[in-house]
Amino acid sequence: MDKIIVLNGCIRKEMSRTLLLAKEILSHFKNVNMEWIDLQKLNFQPVNYESYILRSVGKCDSKVVKYAKKVQNADLIVLVAPIWEMSVPAMVKTFFENISIPEITFKPVKDTCIGNCKARKMIFITTRGMNVKPYSELDGAAAELKALCSLWGIHDFEELALNNCDYITLKEYQSNKEKLLNHLNKTNWYQKQ
Ligand SMILES: Cc1cc2nc3c(=O)[nH]c(=O)nc-3n(C[C@H](O)[C@H](O)[C@H](O)COP(=O)(O)O)c2cc1C
């Protein structure tokens with residue numbers, strides 16, 4: 001059975017439209033082993049001098065290693081997070097900074113690194129305030145996440161986004177959401193994942 005990990009990087013808890021959107025999309029995944037990980041609850045801190053020194057001699061916090069291995073061994077990684085400052089919130093970046101560990105998520109080989117994650121794909125479910133076209137040069141999240149997938153050896157990345165959310169009416173937002181969900185249904189998107 002497929003192991004899916006869902007990295008919840010939504011800060012606004014039950015007020016989060018991204019989280020609600022993701023729950024609706026992910027409710028269509030059947031016969032999978034899905035684990036939700038609430039990044040806010042983990043409360044990881046950015047790597048600092050002390051943790052850097054420990055990491056450089058292979059001494060990572062055991063909780064961090066546990067989540068690094070979950071990322072390493074998932075068949076599919078779903079990141080759920082809003083756009084903040086044209087990319088993902090710092091909490092998400094902090095999680096990735098912590099769990100991206102040599103010999104777990106990637107392997108240093110000669111003069112480069114090769115990916116060591118099993119996942120066939122990363123799906124990024126997001127909402128953003130502004131009308132930015134996904135994958136355009138203003139989509140800092142897609143650029144960063146695609147690069148990270150490359151480091152980890154994940155060959156497929158897809159962003160599912162609702163845009164302009166802060167500048168449209170609730171009715172328009174609901175209609176955009178319905179359009180996206182209908183599109184996923186009509187194109188058999190769930191079966192293809
Ligand atoms: C701190 C903060 C930073 C934001 N930065 C951006 C941004 O750079 N670009 C953008 O399009 N929207 C930005 N937004 C708007 C959010 O992306 C938008 O409201 C989103 O739908 C919020 O998702 P949520 O309801 O899941 O929290 C920002 C919102 C906050 C609170």
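Looking at Leu148, Asn163, Met122, which one has the Cα that reaches farthest to the positive end of the dipole of the range 95-193 (charges on Cβ: Lys, Arg +1; Asp, Glu -1)?
Among Leu148, Asn163, Met122, the one farthest towards the positive end of the dipole of the range 95-193 is Met122.
Given Cβ point charges of +1 (Lys, Arg) and -1 (Asp, Glu) and nothing else, what value in debye, to the nearest 20, does the dipole of the chain about its Cα centre take?
Dipole magnitude for the chain comes out near 480 debye.
Return the sequence-ordered ³J(HN,Hα) values of the range 176-183 in whole Hz as given by the Karplus equation 6.51 cos²θ - 1.76 cosθ + 1.60 applied to θ = phi - 60°, using x for Gly and Pro.
Ordered by residue, 3J(HN,Hα) equals 4, 5, 4, 4, 4, 5, 5, 4 Hz.
Under the rule of at least 5 residues apart or a separate chain, name every residue whose amide H is placed under 5 Å from the amide H of Trp36.
Val6
Between the helical axis of 17-26 and the dominant principal axis of the chain, each derived from Cα atoms, what acute angle in degrees is found, rounded to the nearest 10?
90 degrees
Please report Rg over Rh for the range 3-192, where both radii come from the alpha carbon positions and Rh follows the Kirkwood definition. Could the numbers behind the result be given before it?
On the way: Rg = 17.0 Å, Rh = 17.4 Å.
We get a ratio of 0.98 for the range 3-192.
Considering only Ala81, Ser62, Asn98, whose Cα is most displaced toward the positive end of the charge dipole of the range 1-109, charges sitting on Cβ of Lys, Arg (+1) and Asp, Glu (-1)?
Ser62
Over what distance in Å are the Cα centres of the range 13-37 and the range 46-99 separated?
21 Å
Considering the chain as a Gaussian network with a 10 Å cut-off on Cα pairs, which listed residue, Asn31, Asn164, Asn131, attains the greatest mean-square fluctuation?
Its mean-square fluctuation being the largest, the pick is Asn31.
Considering every Cα-Cα pair within the range 1-80, what fraction, in whole percent, is farther apart than 14 Å? Display every interim value, and only then the final one.
Working: 2166 of 3160 pairs.
Distances greater than 14 Å cover 69 percent of the Cα pairs.
Readers should treat all values here as calculations from the given coordinates under stated rules, not as data from a laboratory. Just so you know, these numbers come straight off a predicted model, no measurement behind them. Backbone-built Cβ (ideal geometry, glycine too); neighbour counts: all protein chains shown.
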